[in-house]
Amino acid sequence: MRVAVIPGDGIGKDVTAEAVKTLRAVGEAFGRSFDLETLPYGADYYLETGISMPPDGYAMLRDQFDAIFMGALGDPRIPDMRHAREILLGTRFELDLYVNYRPVKLIDPRLCPLKGRNAEDVNFVVFRENTEGLYVNMGGRFKPGTPDEIALQEDVNTHKGVHRIILYAFEYAAAHGRTRVCMSDKSNALGYGHALWQRVFQELAPQYPDVEPVHLYIDALAMQMIKNPGQLDVIVTNNMFGDIITDLGAQLQGGLGMAASANLHPGQTSMFEPVHGSAPKYAGRNIANPIGAILSAALMLEHAGLVREAAEIEEAVKAAVMSGNVPPEIGGSLGTRETGDFIAAEIRRRGARSTVDR
Ligand code: IPM
Ligand code: MN
């Protein structure tokens, strides 16, 4: 398996090192070989060369790699985030990675900020549309810089885009024994774009008799995520709402440092990244939580069909969390690297044991 590794900026570099360490441990323990190629794209490279991503970069990622692993992008020296948009959003758009899959799964009740909630209550997945909506950055300005300025930012919803993400959510639910798909929009206010989401959802739902279709406006969904997360199973929503509720979802599982994501186009090269950003003030200080990145590596293996290996990573992470061998952010006292060491050792231990079992 050939993987393009783009550590990016800030703590992206710190956590990517631990995801790579984890992959190497999986390789050794379970006899897999991962060909990991590190690519330099990010703030430093952009400031040196003026290039965020070379012109043939997206095609190279798509055609020469089986998967892409990204750390995080964002640097205070580039306030308009141009390089981040081109590298991260550019990869999503150019590779047409229309599914942003973000599981929300609580490992240890201690990590949940809600009273009395346990691992069964916080276990759902979010499918965020990843190629359109407000993120296409279409619009314009009139009379810029004056008190009469008009700034338009269009919310693009295509039938193709809405249909394929809702279909993916239903297919996922049916294939994974999930019983409920909740589509969330703001169609009570946005009568064109979000009415399309309503229509497509109602068209597709009857084809999945074993899946209960549920609709919640996005504000109500935000409320229910706190009030009663146990009712949630599969959520499908647009790009912007998905961005917002997955930060909320991250907190339910112990913070942004815990949250993993996959940017998918079924059958094509896909991209895997933690949900968190580059957190410049924590960069290089051995304090960032690498678990979101490590679990994103697990999603990458799962997507490549290495289901057993992915599960082993999850178990190793669980062992680290339950035994407190984690960074202070989630109640331990280890650094980023030591957390990665613990998880890698746990994977090797599990691999050795499974060899004995055989
Ligand atoms: C995310 C991030 C990005 C997004 C930013 C960095 C553009 O917040 O992956 O959730 O909004 O998609
Ligand atoms: Mn986000």
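The values are calculated or read from the model by the stated rules, or taken from the named source; none is laboratory data. Since the model is a prediction, treat every value here as computed from it, not as a measurement. Methodologically, a virtual Cβ is constructed for each residue, glycine included, from the backbone with ideal geometry; neighbour enumeration extends over all protein chains shown.
Structure data summary
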item: Residue list for the range 66-120, restricted to those being more than 16 Å from ligand 1 (Cβ to nearest atom), surrounded by 17 or more Cβ atoms within 10 Å (Cβ to Cβ) and among the small types (Gly, Ala, Ser); result: 67
item: Within the range 224-259, tally of residues that are small (Gly, Ala, Ser), under 22 Å from residue 174 (Cα atoms) and within 14 Å of ligand 2 (Cβ to nearest atom); result: 1
item: Single residue of 284, 267 found to be without any contact (Cβ under 8 Å) to a residue 60 or more places away in the chain, part of a loop (DSSP other than H, G, I, E, B) and more than 20 Å from residue 107 (Cα to Cα); result: 267
item: Residue tally, condition crowded, with 23+ Cβ neighbours inside 10 Å and not in a helix (DSSP H, G or I), over the range 235-256; result: 6
item: Conditions (1) assigned to a helix (DSSP H, G or I); (2) modelled with pLDDT of 95 or more; (3) more than 30 Å from residue 61 (Cα to Cα); number of the one not met by residue 351; result: (2)
item: Those residues of the range 257-268 which are within 27 Å of residue 159 (Cα to Cα), crowded, with 21+ Cβ neighbours inside 10 Å and more than 12 Å from ligand 1 (Cβ to nearest atom), in sequence order; result: 264
item: Elements of type strands (runs of 3 or more DSSP E) contained in the range 7-112, each with 1 or more residues being acidic (Asp, Glu), more than 23 Å from residue 342 (Cα to Cα) and more than 20 Å from the chain's Cα centre (by Cα); result: 35-38
item: Residue 333 out of contact with any Asp or Glu (no Cβ under 8 Å at 6 or more places or on another chain), among the hydroxyl-bearing types (Ser, Thr, Tyr) and under 20 Å from residue 69 (Cβ atoms); result: no
item: Only listed residue being assigned to a helix (DSSP H, G or I), touching a Pro at 6+ places or on another chain (Cβ under 6 Å) and either of a type in the set (A, V, I, L, M, F, W, C) or over 17 Å from residue 34 (Cα atoms) (or both), chosen from 316, 298, 293, 310; result: 293
